[in-house]
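Q: Below is one structure. I have some questions about it.
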Amino acid sequence: ICMDGTPLNIVKSTKLLGLILDRRLTWALHIEDLLSRCKKVLQILKSLVGTNWGGHPKEMLKLYRSLIRSRLDYGCQIYGSASSSVINKLSTIQATGLRICLGAPRTTSTEALQVEAGELPLDLRREQLSAQCYMRSYALPDYHPLTEESSTAWLFFSPVAFADGFRNPPFVVRAHDTLRDLPLRIIDVENTLPISFPPWHIDPPEVDIKLQSSCQKSKNPSVAKAIANEYIYRNCRHSLAIYTDGSKIPNGETGAAFVVPELKVNKGFRLPVHASVFTCELVAILLALFWVDDFRPLRATIFTDSLSCLQAFTYANRYSRKIVFEILQMVTILYRSGVNINFVWIPSHVGILGNEMADRAAKAALHSRLSVELPYTISEVGGLITKSIMIKWQSRWDFSSHGRFFYSIKNKVSRNLTIFGKTRRDNIIFARLRLGQCNLKYRLHLIRQHPTGLCGCGVPETVEHYLFGCFRYTVQRAQLFRDL
């Protein structure tokens, strides 16, 4: 076999972009190499901690995530099709790393470790990353060569081919199965199209956030209201005041509105349930700019209580949302047609008349007939994927047969680490108590250091029995409760 007259050598494996490919794409060589590299990092982590000294579990988890989890994540969308017997070897790396970080003994169940550290099981993390990667292909422009291929590739794989359990489905099938569990009737994602005008042609908007430092509504809302009203009168009284707001209630209904008190203009629109509060605020500002384009005042000031929106205008880049560029383009068009637009941040819910009117209009728009259709953004679909993965993790934790003592303490999974105390020793003591892994007779029996593992009462000497049930420590227990 030759290419341009140069003979090509046939090899058993080769490395491409950090992934080791073998002839049959079993990924066994890549995973063995991954295990070898991660074990070296684990030895470094071990040298940084002890039972009574070393790095705090919070800081150690940062090292684990940056040095080990990042390596496990790289290319997992591709090597995730490896057989279970091969890919499950990586779970030992995660379990060992979490034990080192938390100071937990070897007898601690992996499920309990994952819940305590807030770390997803590796198979669920691979599923999440694969679905998010696949979802980005839906955001590609229609003319992109991957658009059609990625949206229909899963149709060419039969589910029967992977029903034996010895082979995992390829990337597109795994990702599509995850997306199928999402509450989406149709996958409509905002395209990542290049902006239609050169960014250097944008006239940066005037953004004023000076009230942020002077209006601390947490101290006294009445004072914040007085300062804001004085500032608005002193700096914006010669400009047409427009107030915008977005609203989202717990059941998912969303709305956006803007009001012009001077002209008694009140416009509200209902938005799709998937829209975030940030999106609602941006839509309200864009709708206000459309109204300004029709009305054509000489000068207008848009007041908003969303600091993140104003920061998005100030620090816009190529990764910014499409609607951010639409707003900037609209501001530029208005400025060049003689309309001066500036944005001012104001505190929310302190009694500013225009802001309260906009808030009521946004809430009234939740049931309005006027609606604005918006596609999903990548971040919104990513949030749905994360929520779906968390539900699967919760279901797995609910029905697991391991770590049941810890389940009685923490039955809800989360991505947060529970911290007790400022030192590593304090955290290890509390973590071992919560995990039920102290050097009592029951655990000593598990590691063959005690013949029966039974307390003098004749029942297994577990943490729960030792602290709450054993009659031999009734006096000490009463004294402890009094001291607490």
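The values are calculated or read from the model by the stated rules, or taken from the named source; none is laboratory data. Predicted model only: the values in this text are computed from it and were never measured. Please note: Cβ atoms are built from the backbone with ideal geometry, for glycine as well, and neighbour counts cover all protein chains shown. Just the protein is used for accessible areas: all its heavy atoms, side chains included, with ligands, DNA and RNA removed. Shrake-Rupley method; radii C 1.70, N 1.55, O 1.52, S 1.80 Å.
Q: Tell me, what is the per residue accessible area of segment 362-475 in Å², probe radius 1.4 Å?
A: Value returned for segment 362-475: 61 Å² of accessible area per residue.
Q: Could you work out what % of the accessible surface of segment 67-134 is carbon and sulfur, using a 1.4 angstrom probe and leaving DNA, RNA and ligands out of the count?
A: 52
Q: Provide the packing ranking of 286-299, 130-143, 411-424, i.e. peptides ordered by the mean count of other C-beta atoms within 10 Å per residue, highest first.
A: 130-143, 286-299, 411-424
Q: Computed FRET efficiency, Cβ-Cβ of T474 and E59, R0 41 Å: what is it to the nearest 0.05?
A: After rounding, the FRET efficiency stands at 0.50.
Q: Between L182 and W200, what length in nm is gained on full extension when 0.36 nm per residue of separation is reduced by their alpha carbon distance?
A: Full-extension gain reported as 2.5 nm.
Q: Let me ask something else about it. N191 to V207: extension gain in nm, 0.36 nm per residue of separation minus the Cα-Cα distance?
A: Once the chain is fully extended between N191 and V207, it gains 3.0 nm.
Q: Let me know the charge dipole size of the chain about its Cα centre in debye, to the nearest 20, where only the beta-carbon of Lys, Arg (+1) and Asp, Glu (-1) is charged.
A: My answer is approximately 2160 debye.
Q: Provide, for segment 1-69, the number of lysine pairs with alpha carbons under 19 Å apart, each pair being eight or more places apart or on different chains.
A: Total qualifying Lys-Lys pairs in segment 1-69 comes to 4.
Q: Quick one: divide the alpha-carbon radius of gyration of segment 381-462 by 2.2 N^0.38 Å and tell me what you get.
A: That ratio works out to 1.43.
Q: Ignoring everything but the protein chains, give the 1.4 Å probe accessible area of K387 in square angstrom, nearest 10.
A: Accessible surface of K387 is approximately 130 Å².
Q: For labels at K264 and A364 in the simple 7 Å Cα→Cβ model, what's the distance in nm?
A: The answer from the label model is 1.3 nm.
Q: All other residues with a Cβ under 13 Å from the Cβ of H465 taken together, and with Lys, Arg as +1 and Asp, Glu as -1, what is their net charge?
A: Taking every other residue near H465 into account, the sum is +2.
Q: Is the shape of segment 218-351 best called rounded, prolate or oblate, per the rule: a/c under 1.5 gives rounded, else a/b larger than b/c gives prolate, else oblate, with a ≥ b ≥ c the square roots of the Cα gyration tensor eigenvalues?
A: In terms of gyration-tensor shape, rounded.
Q: What distance in nm separates the two pseudo spin-label positions at S84 and S401, each 7 Å out from Cα along the beta-carbon direction?
A: Spacing of the two 7 Å Cα→Cβ label points: 1.5 nm.
Q: Any idea how far the Cα center of segment 310-332 sits from the one of segment 374-425, in Å?
A: When both Cα centres are located, 34 Å separates them.
Q: With a Förster radius of 60 Å, plug the Cβ-Cβ distance of F481 and C2 into 1/(1 + (r/R0)^6) and report the FRET value to the nearest 0.05.
A: 0.10
Q: Out of residues 5 or more away from G50 or on other chains, whose amide H comes under 5 Å of its own, with H placed 1.01 Å from N in the peptide plane?
A: Amide H neighbours of G50: G55.
Q: Using only the alpha carbons of the chain, determine the length spanned along each of the three principal axes and report them from longest to shortest in whole angstroms.
A: Principal-axis extents of the Cα atoms in the chain, largest first: 88, 85, 41 Å.
Q: If you restrict to DSSP beta bridges whose two residues both lie in segment 223-344, what percentage is antiparallel, to the nearest 5?
A: 60
Q: How big is the accessible area of L444 in square angstrom, nearest 10, if you roll a 1.4 angstrom probe over the protein chains?
A: 40
Q: Take every DSSP beta bridge whose two residues both sit in the chain, then give the antiparallel share in percent to the nearest 5.
A: Approximately 60 percent, going by the DSSP bridge assignments.
Q: Suppose accessible area is computed on protein heavy atoms with a 1.4 Å probe; arrange W200, W53 from highest to lowest.
A: My answer, sorted largest first, is W200, W53.
Q: Now a separate question. Given that compact globular proteins tend to follow 2.2 N^0.38 Å, what is the ratio of the alpha-carbon Rg of segment 1-108 to that value?
A: With N residues counted in segment 1-108, Rg over 2.2 N^0.38 Å equals 1.37.
Q: Put R99, R237, R448 in order of accessible area, largest first, 1.4 Å probe: what do you get?
A: Correct descending sequence by accessible area is R448, R237, R99.
Q: What number comes out for the charge environment of P261, summing +1 per Lys or Arg and -1 per Asp or Glu over other residues with Cβ under 15 Å away?
A: 0
Q: Something else: Using the Kyte-Doolittle scale, which helices in the chain average at least 1.0 and also have C-alpha atoms spread 18 Å or more along the helix axis, with helices defined as whole DSSP H runs?
A: Membrane-span-like by this rule: 90-102, 277-295, 322-336.
Q: Related question: For segment 226-377, with only Lys/Arg (+1) and Asp/Glu (-1) charged at the beta-carbon, what is the dipole magnitude about the Cα centre, in debye rounded to 20?
A: Value, rounded to 20: 220 debye.
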